[in-house]
Amino acid sequence: MDNFTFYSPTYFVFGKDEENKVGHYVKRFGGSKVLVHFGGGSAERSGLLNKVRQSLNAEGIEFVELGGVQPNPRDGLVYQGIELCRKSGVDFILAVGGGSVIDSAKAIAAGAVYDGDFWDYYEGKVVTKALPLGTVLTISAAGSEGSGDSVITKEQGMYKRATTGEALRPKFSILDPALTQTLPAYQTACGITDIMAHLYERYLTNTKEVEVTDRLIEALLLTMIKEGPRAVADSNDYQARANIMWAGMMAHNNSCGVGRTQDWTSHNIEHELSALYDCAHGAGLAVVMPAVFTYNMHHDVMRFAQVAVRVWGCQMDFEHPEETAKAGIKALQAFLTSIGMPKNFAQLGAKEEDIDELAHKCCWGDVNTGTTGGFVPLNEDDVKAIYKLML
Ligand code: NZQ
Ligand code: ZN
């Protein structure tokens, strides 16, 4: 295991109706003038935003609102949010929504107290200062409710890039599984896929002797395999949604990733797809992961065989471990298909003729330096070959 530090100061409030106490938590964590940030309409339709307004009013907390965050959030709204925060004297940001809303809120939080262009943070500058923020989560997926990460797309050039920093970790996150019951089955499945991807990105490591984190990841993957189909089949299954919601947080607050190198190849390759085609991040990952794993399998066959045996229940073939590894990748793909995820470029709406551009942007776009991935560093030709496996 490698040396590490781990700082995860978010206060989690989990369970039914806990969103009604949001005003109390904003106050507790120092907010007196709040920006309420939300998405394209689901939180208004479900009545959640009204509950938030009522709770803030009940605590005598002033607030301004900025809605309209799109999935795969854009920089344009971030600039608007920064201006609004400065003009209105906002001292706390409340994200009400999914990963896109939370990531947009994080970008605004960092940008509002920075003299330069907030995009600097998405080109490699580490965020050390930001307005405090809290979240009311409405979809289990990105894990942004417990992470210090944010992903934004710059409209000029459609660069989808990430930043990170301890200052971006939410002060509190309210996780009510019942709020996710209004999700369509497809979005639920996209979230399940993303959570599983966060686990695989950490599982694919070059660090030896990481039993505790290996076992945590396997437990969370097994949970997703059991609970995922239940939530897709019955959107009102509260217990399945509760297990998925906590698994989604644990998958990405990095408790499973400490002390080990991580991969993130699948995410980097996927981000080019959701930037260009505006597909759901989880759907993109469902197509990308089997291709990346097939391409990288020979780098460490035993690691792929281990997850195949321990998570997917495959039989270990000691003479031909690559057969076991392949069976595990096949089982993952079959699972993703069974919950309604796409499995190739066409089903995702992606086009073969764009492969050269996608691979080039993935390796060289913006501030990238020629390779991608922490498990196996891949160059532009490797990435092209992986996109071709998705056809
Ligand atoms: O905009 P509204 O109307 O709210 O609709 C959203 C959106 O269309 C809808 N939705 C959310 N909660 C709902 C609901 N519909 C009905 N009922 C509810 N309770 O679902 C759609 C997707 O929402 P979004 O926030 O985009 O989903 P997700 O949480 O998957 O976030 C995706 C974004 O997070 C980034 C992705 O790249 C993508 O941009 N990621 C962020 C990470 C991080 N910050 O740590 C890590 C991830 O790997 C990921 O890259
Ligand atoms: Zn993800």
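Rounded to the nearest 10 degrees, the inclination of helix 211-233 to the longest alpha-carbon principal axis of the chain is 70 degrees.
Label-to-label distance for Val126 and Glu209 is 2.7 nm, based on points extended 7 Å past Cα in the beta-carbon direction. Once you divide the Cα radius of gyration of the chain by 2.2 N^0.38 Å, the number left is 0.96.
Compared with the dominant principal axis of the Cα atoms in the chain, helix 380-389 is inclined by about 80°. Which of rounded, prolate, oblate describes the stretch 198-285, given a ≥ b ≥ c as roots of the alpha-carbon gyration tensor eigenvalues and a/c under 1.5 marking rounded, otherwise prolate only if a/b is larger than b/c? Oblate. Highest mean packing comes first when the peptides 140-147, 354-361 are listed by Cβ atoms within 10 Å, giving 140-147, 354-361.
The protection proxy used here, the mean number of other Cβ atoms lying within 10 Å of each residue, ranks peptides 96-105, 109-118 as follows, highest first: 96-105, 109-118. Taking amide H as placed 1.01 Å from N in the peptide plane, the amide H of Tyr11 sits under 5 Å from that of Phe172, Ser173, each at least 5 places away or on another chain.
Counting only Cβ charges, +1 for Lys and Arg and -1 for Asp and Glu, the dipole size of the chain around its Cα centre is about 1060 debye.
Close amide-amide hydrogen proximity is noted between Lys160 and Lys154, each under 5 Å apart and 5 or more residues distant or on a separate chain (H modeled in the peptide plane; Pro and chain starts excluded).
Among beta bridges from DSSP that stay inside the chain, the antiparallel ones total about 25%.
Distance from the Cα centroid of the stretch 1-53 to that of the stretch 269-347 is 33 Å (rounded to whole angstrom). A simple packing score, the average count of other Cβ atoms within 10 Å per residue, orders the peptides 206-219, 179-192 as 179-192, 206-219, with the highest score first. Other residues lying with their Cβ under 12 Å from the Cβ of His299 contribute a combined charge of -3, Lys and Arg counting +1, Asp and Glu -1.
Each Cα pair under 8 Å and six or more residues apart adds its separation to the average, and for the chain the resulting relative contact order is 15 percent. To the nearest 10 degrees, how steeply does helix 301-310 sit against the main Cα axis of the chain, on a 0 to 90 scale? Helix 301-310 sits at roughly 70 degrees to that axis.
Cα convex hull, the stretch 278-391: 105 Å³ per residue, rounded to a whole number.
Counted over the stretch 77-216, the DSSP beta bridges are approximately 40% antiparallel. Amide H to amide H distances under 5 Å link Leu133 with Ile93, Lys171, where only residues 5 or more positions off or on other chains count and H is placed in the peptide plane. List the lysines whose Cα sits under 27 Å from the Cα of Lys351, skipping any in the same chain fewer than 8 residues away. Counting by Cα, and skipping residues close in sequence, Lys351 has these lysines nearby: Lys154, Lys160, Lys326, Lys330, Lys343, Lys361, Lys384, Lys388. Of the residues Thr180, Thr164, Gly191, the one whose Cα sits farthest towards the positive end of the charge dipole of the stretch 163-208 is Thr164 (charges of +1 on Lys and Arg Cβ, -1 on Asp and Glu Cβ, taken about the Cα centre).
Laboratory data are not the source of any read-out in this text; all were calculated from the coordinates shown. All values derive from a computational prediction rather than experimental measurement. A quick note on method: Cβ atoms are made from the backbone with ideal geometry, for glycine too, and the neighbour counts reach across all protein chains shown.
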